[in-house]
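Have a look at the structure below, then the notes.
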Amino acid sequence: MTDPKGPRDDRWYLALMSPNTKGAEFAWLDPTSIYINAAAFDDLLDDLTADLDPAEIDVVAGLDAMGFVLGAALAARLGKGFLPIRKAGKLCVDTDKVSFSNYSGRTQDMEMRTPAFPPGTRVLLADQWVETGGTMDGAIRLLERQGGIVTAMATIAMETNAQTLRYRAAYRVATAVTQTSRWQRECDAQTLTSFATYEPTKTFPTAGRPARQSNKPQN
């Protein structure tokens with residue numbers, strides 16, 4: 001099938017992600033500039049949903065906080081409901097709680113409403129970025145306690161380590177950063193070559209997709 005948007009390059013929108021400018025207590029980059037740019041966000045969702053099967057998903061669960069953005073957008077694109085999994089103390093209904101170790105090594109608690117779904121519900125688990133896999137582990141435990149079945153994961157990037165390799169072996173995993181790409185190698189090294197030419201104006205809401213180079217032979 002021909003893409004109505006024309007030829008697609010190698011995840012052009014990943015170059016819109018901005019480097020950390022605030023120090024070691026923050027994540028090493030900020031992917032949210034993809035979301036504010038309509039063309040970038042649209043292409044990101046196209047790429048992720050192309051690797052997912054809606055027939056295998058009953059609900060999308062998103063992780064607090066930025067997983068809410070990506071998860072809710074995927075739920076709407078796939079025609080599914082959305083379940084937020086929140087940091088502890090935020091939900092005003094009965095909840096179940098687990099502790100997990102996040103990407104910084106800190107121990108935190110997360111909660112999910114109970115009951116959230118009937119046993120056997122198939123869940124797509126979405127988060128903005130998976131670094132160590134600890135947050136995903138906590139979410140999986142919450143979902144499985146209620147009889148949920150994690151059938152897929154979706155994220156912009158999943159860095160490579162023993163935990164995330166287990167996820168890729170166990171679940172359908174949709175990532176904008178594909179495993180064999182130079183983007184994956186750079187994410188694993190936690191530095192992008194695009195940082196050298198990063199320009200905030202390229203991420204503005206009305207900024208368009210970059211011009212494509214023609215595949216036709218030159219005269």
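Computed from the coordinates by the stated procedures, all read-outs in this text should not be read as laboratory data. Bear in mind the structure is a predicted one, so any value in this text is a computation, not a measurement. A quick note on method: Cβ atoms are made from the backbone with ideal geometry, for glycine too, and the neighbour counts reach across all protein chains shown.
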Residues meeting the amide H criterion for residue 149 (H placed from the backbone, H to H distance under 5 Å, 5 or more places apart or on another chain) are 120, 121, 122, 123
Here, the stretch 1-97 modelled as identical Cα point scatterers in vacuum has Debye log10 I(q)/I(0) at q = 0.18, 0.21, 0.22 Å⁻¹ of -1.00, -1.17, -1.21
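Excluding residue 154 itself, what net charge comes from residues whose Cβ is under 13 Å from its Cβ, given Lys and Arg +1 and Asp and Glu -1? Could the numbers behind the result be given before it?
On the way: positive: 77, 80, 168, 172; negative: 46, 47, 51, 53, 56, 127.
Surrounding charge for residue 154 is -2.
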For residue 154, the residues 5 or more places away or on another chain with a placed amide H closer than 5 Å to its own amide H are 125, 126, 127, 174
Of the convex hull drawn through the C-alpha atoms of the chain, the volume per residue in Å³ is 150
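Using only alpha carbon pairs under 8 Å that are at least six residues apart, calculate the relative contact order of the stretch 78-169 and give it in whole percent. Let's see the in-between values first.
On the way: 148 pairs, mean separation 24.7, N = 92.
Dividing the mean separation by the residue count of the stretch 78-169 yields 27 percent.
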Taking a label point 7 Å from the Cα of residue 53 along Cα-to-Cβ, the residues of the stretch 102-124 whose backbone nitrogen sits under 16 Å from it are 122-124
Sites removed, the longest contiguous part of the chain containing no DSSP-loop trypsin sites (Lys or Arg not before Pro) with at most 10 other Cβ within 10 Å is 107-219
Distance in nm between residue 72 and residue 211 label points, each 7 Å along Cα→Cβ, equals 3.7
Residues meeting the amide H criterion for residue 87 (H placed from the backbone, H to H distance under 5 Å, 5 or more places apart or on another chain) are 64, 111
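Can you count the Lys pairs in the chain whose Cα atoms are under 24 Å apart, with each pair 8 or more apart or on different chains? Present the calculation step by step, with values, prior to reporting the outcome.
Details: 5/202; 5/216; 22/87; 22/202; 80/90; 87/97.
Final tally of qualifying lysine pairs is 6.
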To the nearest 20 debye, the chain has a Cα-centred charge dipole, built from +1 on Lys and Arg Cβ and -1 on Asp and Glu Cβ, of 120
Phi angles of the stretch 92-98, converted by Karplus (6.51 cos²θ - 1.76 cosθ + 1.60, θ = phi - 60°) into ³J(HN,Hα) in whole Hz with x for Gly and Pro, give 9, 10, 4, 9, 10, 9, 9
Once the dipole of the stretch 43-149 is set up from charges on Cβ (+1 Lys and Arg, -1 Asp and Glu), the residue from the list 115, 103, 72 lying farthest towards its positive end is 115
For the chain, whose charge dipole is built from +1 on Lys and Arg Cβ atoms and -1 on Asp and Glu Cβ atoms, the candidate among 170, 152, 180 with its Cα farthest towards the positive end is 180
Projected onto the charge dipole of the stretch 22-194 (unit charges on the beta-carbon of Lys, Arg, Asp and Glu, signs +1, +1, -1, -1), the Cα from 45, 60, 142 with the largest positive-side position is that of 142
